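Undergrad: Below is one structure. I have some questions about it.
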Number of protein chains: 2
Amino acid sequence: MPIVGMVGGGQLARMTAQAAVGLGSTFKVLAGSLSESAALVTRDPLIGSHLVTADVKAFADECDVITFDHEHVPGEVLVSLESAGVLVRPGSAALRYTQDKLAMREKLSSLGVPCPRFAPVSSAGDVVSFSGGSWPVVLKAISGGYDGKGVWVVSSEPEAATVTAEAEQHEVSLMAEEFVPFRRELAAQAARSPSGQGAAYPVVETVQVDGICREVIAPAPGLSPDLAEEASRLALTIASELGVVGLLAVELFETASGGLLVNELAMRPHNSGHWTMDGSLTSQFEQHLRAVLDLPLGAPGLNCPGGHTVMANLLGGTDPDVYDRYIHVMAADPAVKVHFYGKEIRPGRKIGHVNIVGSASDSVADLRDRARRAVSYLRWGTEDGE
Amino acid sequence: MPIVGMVGGGQLARMTAQAAVGLGSTFKVLAGSLSESAALVTRDPLIGSHLVTADVKAFADECDVITFDHEHVPGEVLVSLESAGVLVRPGSAALRYTQDKLAMREKLSSLGVPCPRFAPVSSAGDVVSFSGGSWPVVLKAISGGYDGKGVWVVSSEPEAATVTAEAEQHEVSLMAEEFVPFRRELAAQAARSPSGQGAAYPVVETVQVDGICREVIAPAPGLSPDLAEEASRLALTIASELGVVGLLAVELFETASGGLLVNELAMRPHNSGHWTMDGSLTSQFEQHLRAVLDLPLGAPGLNCPGGHTVMANLLGGTDPDVYDRYIHVMAADPAVKVHFYGKEIRPGRKIGHVNIVGSASDSVADLRDRARRAVSYLRWGTEDGE
């Protein structure tokens, strides 16, 4: 059985390690330190930097194929590995579209995939003319960002001027996008293997607060079968046309008029797929490994047909000791599935998530309520904290 | 979060390690070598012998509580750890009943738990008088065994004489048990925490071939609700009366007359509970950890109410390379859940298991057929191998 290496030691690598146990594949991580989430639960993690070609190359030498926990490995590092004959999945040609948002928009548009209107901008004047007088406008760093930010919503020329000036200072290129007054956000996940097999998960609804995913409902309640099919088809088409290997998550807007627009792409296991760990026959982490190993893909359906699964992200509160509260949550709801990432608790940091799996007889409102109460208690010590 | 250590590096420790990832607890193993099943998937396994007090003590010093992958740690080692203040779960007083079958029978009988008729024997004459002319008779080593065997079925005085003579040579004490012409074998699993909380899993049917568990059907098809309740009550009573902490598996005979007799006990995760990994809200491995950590126990019900899960053990065949066959099985049945133990393949060795999870609309016969076809192909390269 080939050895799979994942670059990055975060929670996605941690949960992929967990999936690798049953699959029987040897799984290794390249982590920044021994205390990183995935390094805590894997044998002999290699410590090094994903930014340094020599570190990634040394890691790849121990593996038959490498994949990624994040999209921050520089394109030139990826290309250099590929030139040296390393199996990199997904490859640099696909990953480019997660690192260059303008290239992604141009590519998707060329494929006829519906996207928000967009244009590169470099001055407040560019933003004003892009707006055509209709505000707000979304500004995005084309690659990376600065001060931990990469997306700004501006509502006037002066606001735009502030962002464009700062971006210029940081040598960051910007693009503008139409602000979409969406009805809700959806995500469509699909896996694709090098052999070209594709498998789409049920389309989910995602609930964001302050730009952070807080809750996922799988499948998206009340989604019309036509729209669900269109979203899945989009994910499979994008995976195929962009040459993705592994998991692809397509974040979507369901517009006020009932259409779909692609928001973002991620080519790895994704927060919108954490529900699959308990709610689907094949978890997204196992599916990613199967794709990366070019194994036949697993059934992406629901564990319990007709039921829903609700995932809620657990963010850190102010009390660093979660253990006493954990006991309370387990006692209050013996069916809550808590997944901790082994991370030090910092306010607002994603430190885990919970899944509540329901059968056809459970109401979505009740499942959401249980998920919210669990994460609220874990974070704040009260069920009414969020 | 306390650190849990498991003595033993086999597949049970491997799957417990997998469950520990989500629970967020730090999990360590004491393994015999770095190539053992659990050592392959845990950070910094400690290498040592479970027979050597110093090794187990050094391991316990790194942990807040220790538990076990098997019942082979000598009683005197356990007692010495307990005297030194180590939290040992289950404790020596409970584990004694898995190491001394005569003590187990005497204890269960004193509790009114139905067991096969039994008596200690030391000669063929003892066996003959035990039989009362009714053969066969089951002979068991009271502790351990020899040449890898601990159970013999004898049908005459000369056969009994052979076993008693060999046992005497190996200084092994024997007991006789009535041969039970059972209708089928069942297993009841329960967890018990130090706080005294108990939780019983649905009672399952187990199918043994040549003394090896080959298949488990959960819940046991067609089991009367009364008998199911009696089996669960037995497991909870035994766990409580014997002071078990963690998982208890009670292997049972369903007799021709529709009653229950206790066959064997195990105080750890057990082969009869592997179905819970995919079929229950709480896997037996997570449940064992919760009990050992004195956390509230998880819901032991079915993931999909009304459905069945079939587990089939995967034994090694003659071809050491299972990978090509694995690909075929995945392609043939994308919903089969294969769990590999990372063990070298040897003929007849347990190297993994498969679970097939069904919903209420799936027939048990179909689920069993899918499980059998998967393990047959993995073992023999044909779906008709067993």
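The values are calculated or read from the model by the stated rules, or taken from the named source; none is laboratory data. Model, not experiment: these values are computed from the prediction. FYI the Cβ positions are ideal-geometry reconstructions off the backbone, even for glycines, and counts take in every protein chain you see. Each accessible area value is taken on the protein alone, full model and side chains, heavy atoms only, with ligands, DNA and RNA left out. Shrake-Rupley method; radii C 1.70, N 1.55, O 1.52, S 1.80 Å.
Undergrad: Pick from A:M104, A:M311, A:M267 the residue whose mean-square fluctuation is largest in a GNM of chain A, springs joining Cα atoms under 10 Å.
TA: Looking only at A:M104, A:M311, A:M267, the biggest GNM fluctuation is shown by A:M104.
Undergrad: Roughly how far apart, in whole Å, are the Cα centres of the stretch A:104-124 and the stretch B:308-341?
TA: Centre-to-centre distance over Cα atoms comes out at 45 Å.
Undergrad: Using a 1.4 Å probe and ignoring any ligands, DNA or RNA, find the accessible area of B:L186 and quote it in Å² to the nearest 10.
TA: Here the accessible area works out near 0 Å².
Undergrad: Might you list the cysteines of chain B that have no disulfide-compatible partner by the rule of another cysteine's Cβ under 4.7 Å?
TA: B:C63, B:C115, B:C213
Undergrad: Would you kindly derive the ³J(HN,Hα) couplings of the stretch A:116-133 from the backbone phi angles with the Karplus curve 6.51 cos²θ - 1.76 cosθ + 1.60 (θ = phi - 60°), listing them in order in whole Hz, with x for Gly and Pro?
TA: x, 4, 8, 6, x, 9, 9, 9, 4, x, 4, 5, 4, 6, 4, 5, x, x
Undergrad: Just which residue of chain B brings its Cβ nearest the axis of rotation onto chain A, and by how many angstrom, rounded whole?
TA: Closest Cβ to the B-to-A rotation axis, residue and whole-Å distance: B:C304, 2.
Undergrad: For the stretch B:151-205 and the stretch A:61-102, compute the distance between their C-alpha centroids and round to whole Å.
TA: 56 Å
Undergrad: Can you find, among A:L293, B:M6, A:A335, the residue farthest towards the positive end of the dipole of the protein assembly as shown? Put +1 on the C-beta of Lys and Arg, -1 on that of Asp and Glu.
TA: Looking along the dipole axis, the top candidate is A:A335.
Undergrad: Considering amide H positions built from the backbone, and no H for Pro or chain starts, which residues 5 or more places from A:A299, or on another chain, come under 5 Å of its amide H?
TA: B:A335
Undergrad: Applying the Karplus parametrisation 6.51 cos²θ - 1.76 cosθ + 1.60 with θ = phi - 60° to the phi angles of the stretch B:191-208, what ³J(HN,Hα) value in whole Hz is obtained for each residue in order, glycine and proline being reported as x?
TA: 10, 9, 9, x, 6, x, 6, x, 8, 10, 7, x, 6, 10, 9, 10, 10, 9
Undergrad: To continue, here is another question. May I ask for the Rg/Rh ratio of the protein assembly as shown, computed from Cα atoms with Rh as the Kirkwood radius, given to two decimals?
TA: Details: Rg = 28.5 Å, Rh = 28.0 Å.
Expressed as Rg/Rh, it is 1.02.
Undergrad: Just B:G279, B:G222, B:G358 to compare: in a GNM of chain B, with alpha carbon springs under 10 Å, which one fluctuates most?
TA: Between B:G279, B:G222, B:G358, it is B:G222 that shows the largest mean-square fluctuation.
Undergrad: Can you give the local net charge around A:R184? Use residues other than it whose beta-carbon is closer than 11 angstrom to its beta-carbon, Lys and Arg +1, Asp and Glu -1. Mind dumping the intermediate values first?
TA: Values: positive: A:R183; negative: A:E185, A:E205, A:E254.
Neighbour charge sum, excluding A:R184 itself: -2.
Undergrad: Relative to the other copies, what are the label-point distances for A:E344, with labels 7 Å from Cα along the C-beta vector, expressed in nm at one decimal and sorted shortest first?
TA: Reported distances to equivalent positions: 4.3 nm.
Undergrad: From the protein chains alone at 1.4 Å, what is the descending order of accessible area for A:K101, A:K149, largest first? Present the calculation step by step, with values, prior to reporting the outcome.
TA: On the way: A:K101 45, A:K149 100 Å².
Ranked from most to least accessible, the order is A:K149, A:K101.
Undergrad: OK, next. In whole Hz and in residue order, list the ³J(HN,Hα) couplings for the stretch B:345-360 that follow from phi through the Karplus curve 6.51 cos²θ - 1.76 cosθ + 1.60, θ = phi - 60°; x for Gly and Pro.
TA: Those phi angles translate into 7, 10, x, x, 7, 6, 10, x, 8, 10, 10, 10, 9, x, 9, 4 Hz.
Undergrad: What does the charge count near A:T53 come to, summing +1 for each Lys or Arg and -1 for each Asp or Glu among other residues with Cβ under 14 Å from its Cβ? Before the final figure, lay out the partial values.
TA: Details: positive: A:K57; negative: A:D55, A:D61, A:E76, A:E82.
Residues close to A:T53 contribute a combined charge of -3.
Undergrad: Ignoring ligands and nucleic acids, what accessible area does A:C115 show with a 1.4 Å probe (Å², nearest 10)?
TA: Its accessible surface works out to 20 Å², give or take rounding.
Undergrad: While we're on this one: For the stretch A:217-291, what relative contact order do you get, as a whole percent, if you take Cα pairs closer than 8 Å and at least 6 residues apart?
TA: Here the relative contact order equals 25 percent.
Undergrad: Quick one: with label points 7 Å out along Cα→Cβ, list the inter-copy distances for B:G258 in nm, shortest first?
TA: B:G258 label point versus its equivalents elsewhere: 5.8 nm.
Undergrad: Per DSSP H run of at least 4 residues, take -39500 (n - 2.57); add these up for the protein assembly as shown, divide by its residues and hand me the 222 nm value, nearest 500 deg cm²/dmol. Please report the intermediate quantities before stating the final value.
TA: Values: 24 runs with 254 residues, N = 772.
Dividing the helical sum by the residues of the protein assembly as shown leaves -10000 deg cm²/dmol.
Undergrad: Still on this structure, please answer the following. Using the heavy atoms of the protein chains alone and a 1.4 angstrom probe, what is the accessible area of chain B per residue in square angstrom?
TA: Numbers: 14130 Å² over 386 residues.
About 37 Å² of surface per residue is accessible.
Undergrad: Another question, then. Please tell me which of these pairs span more than 19 angstrom C-alpha to C-alpha: B:K28/B:K149; A:K107/A:K140; A:K28/A:K57; A:K107/A:K149; B:K149/B:K343; A:K28/A:K350? Please report the intermediate quantities before stating the final value.
TA: On the way: B:K28/B:K149 30 Å; A:K107/A:K140 17 Å; A:K28/A:K57 14 Å; A:K107/A:K149 24 Å; B:K149/B:K343 22 Å; A:K28/A:K350 23 Å.
Violating the 19 Å limit, Cα to Cα: B:K28/B:K149; A:K107/A:K149; B:K149/B:K343; A:K28/A:K350.
Undergrad: Mind checking the dipole of chain A: about its Cα centre, +1 per Lys or Arg Cβ, -1 per Asp or Glu Cβ, Debye to the nearest 20? Don't jump to the answer; show the numbers that get you there.
TA: Values: 30 positive and 46 negative charges, 127 e Å.
Approximately 600 debye in magnitude.
Undergrad: Give the shape of chain B as rounded, prolate or oblate, defined through the alpha-carbon gyration tensor: a ≥ b ≥ c are the square roots of its eigenvalues, a/c under 1.5 means rounded, and otherwise the shape is prolate if a/b is larger than b/c and oblate if not.
TA: Details: a/c = 1.35, a/b = 1.10, b/c = 1.22.
Rounded, since a/c falls under 1.5.
Undergrad: What nm value, rounded to one decimal, do you get for the distance between B:S257 and A:Q169 when each label is placed 7 Å out toward the C-beta?
TA: 9.0 nm
Undergrad: What's the Kirkwood radius of the stretch A:9-79 in Å, using all Cα pairs? Write down the numbers at each step before the final one.
TA: On the way: mean 1/r = 0.0816 Å⁻¹.
Radius from the Kirkwood sum: 12.3 Å.
Undergrad: Put +1 on the Cβ of every Lys and Arg and -1 on every Asp and Glu Cβ in the stretch B:129-183; which of B:F179, B:Q169, B:V151 then has its Cα farthest towards the positive end of the dipole?
TA: Projecting each Cα onto the dipole axis, the largest value belongs to B:F179.
Undergrad: Please state the charge dipole magnitude for the protein assembly as shown, taken about the Cα centre, from unit charges on C-beta atoms (+1 on K and R, -1 on D and E), reported in debye and rounded to the nearest 20.
TA: The dipole magnitude comes to about 220 debye.
Undergrad: Run the numbers on the stretch A:245-358 and let me know its relative contact order in percent, using alpha-carbon pairs under 8 Å that are six or more apart. Present the calculation step by step, with values, prior to reporting the outcome.
TA: On the way: 179 pairs, mean separation 25.8, N = 114.
It rounds to 23 percent for the stretch A:245-358.
Undergrad: Could you sort the residues of the stretch B:37-70 by number and keep only those whose accessible area is reduced by 40 Å² or more in the all-protein-chain setting relative to the chain alone, 1.4 Å probe?
TA: B:V41, B:R43
Undergrad: Okay, moving on. Can you check what the net charge comes to around B:V329, using other residues whose Cβ is under 13 Å from the Cβ of B:V329 (Lys, Arg +1; Asp, Glu -1)? Walk me through the numbers on the way to the answer.
TA: Values: positive: A:R290, B:R325, B:K337, B:R370, B:R372, B:R373, B:R379; negative: B:D324, B:D333, B:E383.
Around B:V329, the surrounding residues sum to +4.
Undergrad: Related question: When Cβ neighbours within 10 Å are restricted to other protein chains, what is their mean count per residue of peptide B:15-26? The partial results should precede the final answer.
TA: Details: counts 2, 0, 4, 7, 2, 4, 15, 14, 5, 12, 3, 3.
Mean partner-chain Cβ count within 10 Å for B:15-26: 6.
Undergrad: With springs only between Cα atoms under 10 Å apart, run a GNM on chain A and tell me which of A:D333, A:D324, A:D44 wobbles the most.
TA: Judging by the Gaussian network model, the answer is A:D324.
Undergrad: Further question on the same structure: Could you name the aspartates and glutamates whose alpha carbon sits less than 12 Å from that of A:K337, not counting residues in the same chain fewer than 8 places away?
TA: Partners found: A:D278, B:E286.
Undergrad: From the label point of A:E106, set 7 Å along Cα to the beta carbon, how far off in nm is each other copy's matching point, shortest first?
TA: Computed spacing set for this position: 8.5 nm.
Undergrad: If amide H atoms are built 1.01 Å from N in the plane of the peptide, which residues on other chains or at least 5 residues away come under 5 Å of the amide H of A:G9?
TA: HN-HN under 5 Å from A:G9: A:G32.
Undergrad: If I ignore ligands, DNA and RNA and count only protein heavy atoms, how much of B:K107 is accessible to a 1.4 Å probe, in Å² to the nearest 10?
TA: Accessible surface of B:K107 is approximately 60 Å².
Undergrad: Moving on to the next point. Counting alpha carbon pairs within less than 8 Å and at least 6 residues apart, what relative contact order, in whole percent, applies to chain A?
TA: Numbers: 844 pairs, mean separation 49.7, N = 386.
Value for chain A: 13 percent.
Undergrad: Taking H as built 1.01 Å from N, whose amide H comes closer than 5 Å to the amide H of B:L260, not counting residues under 5 places away?
TA: B:T255
Undergrad: Roughly how many percent of the accessible protein surface of the stretch B:278-386 is carbon and sulfur, given a 1.4 Å probe and a whole-percent answer? It would help to have the intermediate numbers written out before the result.
TA: Numbers: 1810 of 3690 Å².
C and S atoms contribute 49 percent here.
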